[in-house]
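The values are calculated or read from the model by the stated rules, or taken from the named source; none is laboratory data. Everything quoted here is computed from the prediction, not taken from an experiment. Because the Cβ atoms are built from the backbone with ideal geometry, glycine has one as well, and the counts that use them run over all protein chains shown.
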Amino acid sequence: MARKSSTTAKVVVTLAAWTVGLLIFFPILWTILMSFHTEGDAIKQPWDMLTSPWTLESYAEVQTRSNYALHFYNSVVISLGSTVLALIIGIPSAWAMAFVPGPKTKDLLMWMLSTKMMPAVGVLIPMYLGFRNLHLLDSLTGLVAVMTLISLPIVIWMLYTYFKEIPGEILEAARMDGANLRSEIIYVLTPMALPGIASTMLLNVILAWNETFWTLQLTTHNAAPLTQFIASYSSPEGLFYAKLSAASTMAIAPILIMGWFSQKQLVRGLTFGAVK
Amino acid sequence: MNITLRALLGATVALTLAGMAHAETTEITVATVNNGDMIRMQGLMDDFYSKHPDIHVNWVTLEENVLRQKVTTDIATKGGQFDVLTIGTYEVPIWGKQGWLVSLDDMPADYMKDDLLPAIAGGLTVDGHLYASPFYGESSMVMYRTDLMEKAGLKMPDAPTWADIRKAADAMTDKANEIYGVCLRGKAGWGENMAFLTAMSNSFGAKWFDADWKPQFDTKPWADTLGFYLDLMNADGPPGASNNGFNENLALFQQGHCGMWIDATVAASFVTGKDSTVADKVGFALAPDNGLGKRSNWLWAWSLAIPAGSAKIEAAKTFVDWATNPDYAALVASKEGWANVPPGTRTSLYANPEYQKVPFAKMTLDSINSADPTHPTVDAVPYVGVQFVAIPEFSSIATQTGQQFSAALAGTTTAADALKAAQDITTTEMTKAGYIK
Amino acid sequence: MATQQSRIAARFMVAPSVGLLFVWMIVPLVTTIYFSFLIYNQLHPERQGWAGFDNYYYFLTDRSFLIAIWNSVVLVMGVLIITVIGGVLLALLMNLPFWGQGVVRVLVIAPFFVMPTVSALVWKNMFMNPVNGMFAHIAKGLGLQPYDFLGHAPMASIIGIVAWEWLPFATLILLTALQSLDSEQQEAAEMDGASWFSRFIYLTVPHLTRAITVVILIQTIFLLSIYAEIAVTTNGGPGTASTTITYLVALRSLYDNDVGGASAGGIIAVILANIVAIFVMRMIGKNLDA
């Protein structure tokens, strides 16, 4: 990308980027706005809704009705725990496949991805029975285990992609300087792959955070994460959009913060000029 | 970064272990749907705990379909995750027959079993045993805009016929001003459009199956039902009706777009409540009929049942008793007024002069009483259920036929094709399931 | 670069993930295959026995089967096209310097944060509803007739919703890939007089092919198993216009409680997904090593 950018270009780009960003964000913005109104006002036409009284009533109701803190804690443990575990197992695997590829590497990658092809509804009963027998129903351990296994293929794939970008020469140089494998990975590879690891982590935490099948099927109250918190606001008979919006906003807020910090990692680029 | 990773992992494991280690008292897990009365009950738990401090209740609140499926999985695999279930008049006959539920014949005296409304109790009894305790009962009725009827110069009879409804809808429709004479369910689903259409078909003399379990979609009564429904909706219904369920129609009515709405009696409290822009302009009438002896209203009760595999049956029974005996109604009334007492379960409630003052109480009671799940149709049938057929296969069959009828409403298939498809689907499924020899 | 020692080390490093995933795959797979040959319905425990290939037969001859395959493919293709093209463009935009870069990046990634059920509900009721929705409102403001999106164009509407949800995923991966674009090479080309466009075609796009391939492969896997959005908006209707293979399996499993049938459906879905994956790999697989 050109170093010098004229101010006009920057203004144009800023306008374009903000327009696109706001358009994409608009439905979420609307959800957040709805959460600050009563049920009756939330469904009104745009201008009517914005001018009707703003209230925290939906949030109050959500707070009294459900245990946000417990669900939040469960979500954090499940999402963060499974992603971190998947990274720990996945980084070495991705390293191996990226830098020491064998003839079977691509097949191995495809096979890993294929473990995600079975529709979850199809294996619900075998899984439920298995969990029942292992006394893992409604437990954080069981859920972290399942989510780690679900995330592992994606984590490995994404890390593999980013590792392939890193020229092998840098790692070789480190090795010739006397670094062993372990420190090669920890001290040379990881810092350079930081943007990749950051975005892998963010995306997988989100995937785990929003996973609605296993988190609803394998838990009841102890290990229920925010997905159940939100799902409990879907009412069969009775409007719930304002409350659902409030619950959703409360569920997204932590991720928005995490997203903010992760995307900061994307500002730093890798300067491969260093190779020379 | 690596140190942070390690610390994070360590903290995660420690927290997980700590979370798992907390001890349990007599805890019962109650699975429930997210409806207003249940929410209210959760808010009144102080009363329960003051009477039974040794029992703690864990609530699992989910959307109806997810709940049903989760509970079924758990019961069928003997997972033991739940002690009290909120299930409906569809599941109780099926599960009771399977022996999956604990019979509630031996409830304490203050439970007053004979006080239960006969229609509701009938839907929850199998072979003479009561398998669930009704907590909330509903039927369906007509809600209409009194101002629009007046403007059209019409009066709604208390017990209208379908012809009356058509006339009123035609008169009230003003599409240019986004007023639609009638809003009805159209979204595909066994509990969505098919619940409504099945109940409607009863009033046209139709039935799902004959005595040999052969589907009846190829008969005139069903053709009449679907034909009338489509005509009415095409002339006087809102656009996008093929995706409208209860909540979508509720939104439309509350915003003033519907002249009439035929749906669950619980809607009455919403359309006259604070979120409605037409709250003071609503009248009620019984669900329409065609003079054949059955009206088109349905019958549903959310009830509390105890799975046979629960390890805490006594505690569960105590809870079920508290939540559904007549004292609970008095409790709700004292805290939130009579209008908020869960409707449709007990005769004593409707005999109570205080409750009789609630605007739509009588209409709800009349509607419930005029629906008989054990004899839902004009002709005799081998099944029970007013707006459903209490066989396990029904939810899947009716979802698929519901898709066909919703397509007919959207205009992507003709009524004749939809009926033929419904007939094919149902015949295939019933043969596969072994009902049709 | 790959010495004998590092090859052995590599095998050790891959072993844990391979081992875990193998168990994770094999146990459910074997049980599902086993169940698919049984008569096993949770609501009819009295019916037991061997079903042979009956479950498969019923699934394959279901009147909605062929439409479901078509809809599944349409859904995947539709979303892929929108997210890959849109993702590349957005990633390029997000990579340029402008004021408030951080905030806009979060705005663009935000749709991925929302639970799919909630997204679908908001889109269905707040935007696409022909009476109350915002699109209808805008149409009426312009003097046009509101369009019944979910009634008359169900698959297109669902593709739109799902593409909105997944665009951030593609954008983020592609943006990350752009970070490793060699800026020196770009500058050298620019100084040699190459236009922005040819720099894009000859430097940027080749660099992104691997990332695009990964996006396509991962998204395909997820898109094949989309369920919540369909159930919330159209429930597979009108008719079978938005029924996909996953929805059919869900019908068997969640409504019918027919474990045998759902298992057979699951196996068939896996076979179909594998066919799709092989097809996709054949088309773009070589880009993985580029």
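Here are the numbers:
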{"item": "Only listed residue being touching a helix residue (DSSP H, G or I) at 6+ places or on another chain (Cβ under 8 Å), at the interface with chain A (Cβ under 7 Å from one of its Cβ atoms) and closer than 21 Å to residue B:70 by Cα, chosen from C:262, C:269", "result": "C:262"}
{"item": "Some residue of the stretch C:219-229 being small (Gly, Ala, Ser), more than 7 Å from chain A (Cβ to nearest Cβ) and more than 15 Å from residue C:69 (Cβ to Cβ)", "result": "no"}
{"item": "Residue within the stretch A:1-23 that is crowded, with 16+ Cβ neighbours inside 10 Å and in contact (Cβ under 8 Å) with a residue 40 or more places away in the chain present", "result": "no"}
{"item": "Boolean, residue C:202 is over 19 Å from the mean Cα position of the chain (by Cα) and buried (at least 19 other Cβ atoms within 10 Å of the Cβ)", "result": "no"}
{"item": "Residues satisfying the stated conditions in the stretch C:231-246, i.e. assigned to a helix (DSSP H, G or I), buried (at least 24 other Cβ atoms within 10 Å of the Cβ) and at pLDDT below 90", "result": "C:233"}
{"item": "Number of positions in the stretch C:31-52 that are aromatic (Phe, Trp, Tyr) and more than 9 Å from residue C:264 (Cα to Cα)", "result": "3"}
{"item": "Flag for residue A:207 being within 20 Å of the chain's Cα centre (by Cα), closer than 22 Å to residue A:73 by Cα and surrounded by fewer than 22 Cβ atoms within 10 Å (Cβ to Cβ)", "result": "yes"}
{"item": "Total residues in the stretch A:90-114, condition aliphatic (A, V, I, L, M), without any contact (Cβ under 8 Å) to a residue 24 or more places away in the chain and closer than 23 Å to residue A:201 by Cα", "result": "3"}
{"item": "Subset of the stretch B:37-60 (residues that are of a type in the set (Phe, Trp, Tyr) and under 22 Å from the mean Cα position of the chain (by Cα))", "result": "B:59"}
{"item": "Top-ranked residue of the stretch C:58-76 - restricted to ones that are buried (at least 20 other Cβ atoms within 10 Å of the Cβ) and within 15 Å of the chain's Cα centre (by Cα), ranked as farthest from residue B:400 (Cα to Cα)", "result": "C:76"}
{"item": "Any chance residue A:68 is within 21 Å of the chain's Cα centre (by Cα) and more than 30 Å from residue C:18 (Cβ to Cβ)", "result": "yes"}
{"item": "Odd one out for residue A:128, checked against (1) facing chain C (nearest Cβ under 7 Å); (2) touching a Ser or Thr at 6+ places or on another chain (Cβ under 8 Å); (3) of a type outside the set (D, E, K, R)", "result": "(1)"}
{"item": "Single residue of the stretch A:25-49 satisfying the filter (of a type in the set (D, E, K, R), at the interface with chain B (Cβ under 9 Å from one of its Cβ atoms) and assigned to a helix (DSSP H, G or I)) that is nearest to the chain's Cα centre (by Cα)", "result": "A:39"}
{"item": "Qualifying helices (runs of 4 or more DSSP H) (wholly inside the stretch B:26-124; at least 3 residues being within 14 Å of chain C (Cβ to nearest Cβ), within 25 Å of residue B:396 (Cα to Cα) and of a type outside the set (Ser, Thr, Tyr))", "result": "B:64-76, B:91-98"}
{"item": "Test for residue C:121: is it facing chain A (nearest Cβ under 10 Å), of a type in the set (A, V, I, L, M, F, W, C), farther than 30 Å from residue A:9 by Cβ and not in a loop (DSSP other than H, G, I, E, B)", "result": "yes"}
{"item": "Residue satisfying all of: in the stretch C:77-104; in contact (Cβ under 8 Å) with a residue 60 or more places away in the chain and more than 21 Å from the chain's Cα centre (by Cα); farthest from the other protein chains (Cβ to nearest Cβ) among these", "result": "C:92"}
